[in-house]
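Just so you know, all these numbers are worked out from the coordinates, no wet-lab data involved. Just so we're clear, the structure is a prediction, and the values are computed from it rather than from any experiment. We place every Cβ from the backbone using ideal geometry, glycine too, and count neighbours over all the protein chains shown.
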Amino acid sequence: MITGIKVTVLIAVVTSVMSLLLGTLIAVMRKSRITPLRALGGLYVETFRNIPGLLWLLFFYFVFPEILPSGLGEKLNAYIYFPIVASIIALTFDNASYVSDIIRSGLLAVPPGQREAAISTGLSRIQQYRYVLLPQTFRKILPPLGTRMIHNFKNSSLCMAITAPELTWATQQIESLTFRGLEATTLATAFYIVVSLSIGGVIIILEKYLKIDIESITHMETG
C-alpha cells in the first residue's frame with residue numbers, strides 16, 4: 001500500500017509538471033502568427049483530447065515499443081519500471097491537451113493593451129509571454145487549472161490497466177491476496193479524498209492570496 005501511494009504521487013506530480021510545461025508550449029503555438037505552428041498545435045489538441053486517456057496508456061505500453069527500432073523496444077519492455085514510464089508519458093500527453101485549452105483561454109482573456117504595452121517597451125516575442133502575458137494568464141486560470149490537476153491526479157488510477165504499481169493496482173493486489181478488500185479500498189478512497197481536497201484547498205488559498213495582492217497593488221496605484 002505504501003509503495004502504491006508513492007508511485008501514485010510520483011506519477012501525479014511528474015505528469016502535472018510536464019503537462020503544464022507542454023500545455024503552455026502548445027497554447028503559445030496555437031496563438032502563433034506562423035500558420036504551420038498553429039496547425040500543429042491544433043492537431044495535437046484535437047488528437048489527444050478526443051481519444052480516451054486509457055487508450056493512450058495502452059498505446060504507449062503495448063504499441064510504442066513495437067514501433068521502435070529492433071532491440072530498443074525489447075530493452076524498453078525488459079525495463080522493470082517501464083509501466084511507470086509509459087504511464088507518465090501517456091498521462092502527460094493526454095493532460096497537456098486539456099491544459100493547453102485552459103491556458104489558451106487565459107491568453108485570450110488578457111486585454112490586448114497588455115501586449116501592446118509589452119511591444120512598446122521593446123520586449124521580444126518570448127519576453128512578452130514570459131514577463132507580461134503568461135503571469136497574468138496563470139492568475140486568471142488558476143481555478144480551472146487546479147481542477148484539471150486534481151483530475152490528472154485521479155487519472156493515475158487508470159495506470160493499473162498496464163500494471164503500474166500505483167495505489168489502485170496495489171489495492172487490487174491486497175484484496176486478491178488477503179481478501180481484505182473493504183479495508184484496502186477504504187484506505188485508498190480516503191487517500192484520494194484527502195489529497196484531492198488538499199490540492200483544492202491550496203488552490204483556494206493561492207486564489208485568495210493573489211486577489212489580495214492585486215487589490216493591494218490597485219490601492220497603491222490609486223492612493
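Quick notes on this one:
- More than 33 angstrom apart: percent of Cα pairs within segment 2-222: 29
- Value of relative contact order over segment 2-222, rounded to a whole percent, pairs C-alpha under 8 Å and six or more apart: 28
- Local electrostatic count at Ser100 - Lys and Arg +1, Asp and Glu -1, tallied over other residues with Cβ under 14 Å: +3
- Modelled label reach - Thr163, point 7 Å along Cα→Cβ, segment 43-70 residues with backbone N closer than 15 Å: 58, 61-63
- Relative to the dominant Cα principal axis of the chain, helix 167-178 is inclined by about 20°.
- Proximal lysines to Lys140, defined as alpha-carbon separation beneath 30 angstrom and excluding residues fewer than eight positions away on the same chain: Lys31, Lys154, Lys208, Lys211
- Sorting 26-32, 176-182, 104-110 by average packing, meaning the other beta carbons within 10 Å per residue, from highest down gives 26-32, 104-110, 176-182.
- Dividing the summed -39500 (n - 2.57) terms of all DSSP H runs of n ≥ 4 by the residue count of the chain sets its mean residue ellipticity at 222 nm at -25500 deg cm²/dmol.
- With K and R counted +1 and D and E -1, the other residues having a Cβ less than 12 Å from that of Glu46 yield a net charge of +1.
- The Cα center of segment 149-211 and the Cα center of segment 117-144 differ in position by 34 Å.
- Neighbourhood charge, 14 Å Cβ-Cβ cut-off, centred on Arg125 and excluding it, Lys, Arg +1 and Asp, Glu -1: +3
- Cβ-Cβ FRET estimate between Lys31 and Ile80, R0 fixed at 41 Å, reported to 0.05: 0.50
- Considering only Asn155, Asn77, Asn95, the Gaussian network model of the chain with Cα springs below 10 Å gives its largest mean-square fluctuation to Asn77.
- Treating r as the C-beta distance of Ile119 and Arg139 and R0 as 25 Å, the FRET efficiency rounds to 0.75.
- Of the residues Gly106, Pro65, Ile199, the one whose Cα sits farthest toward the positive end of the charge dipole of the chain, with +1 on the Cβ of Lys and Arg and -1 on the Cβ of Asp and Glu, is Gly106.
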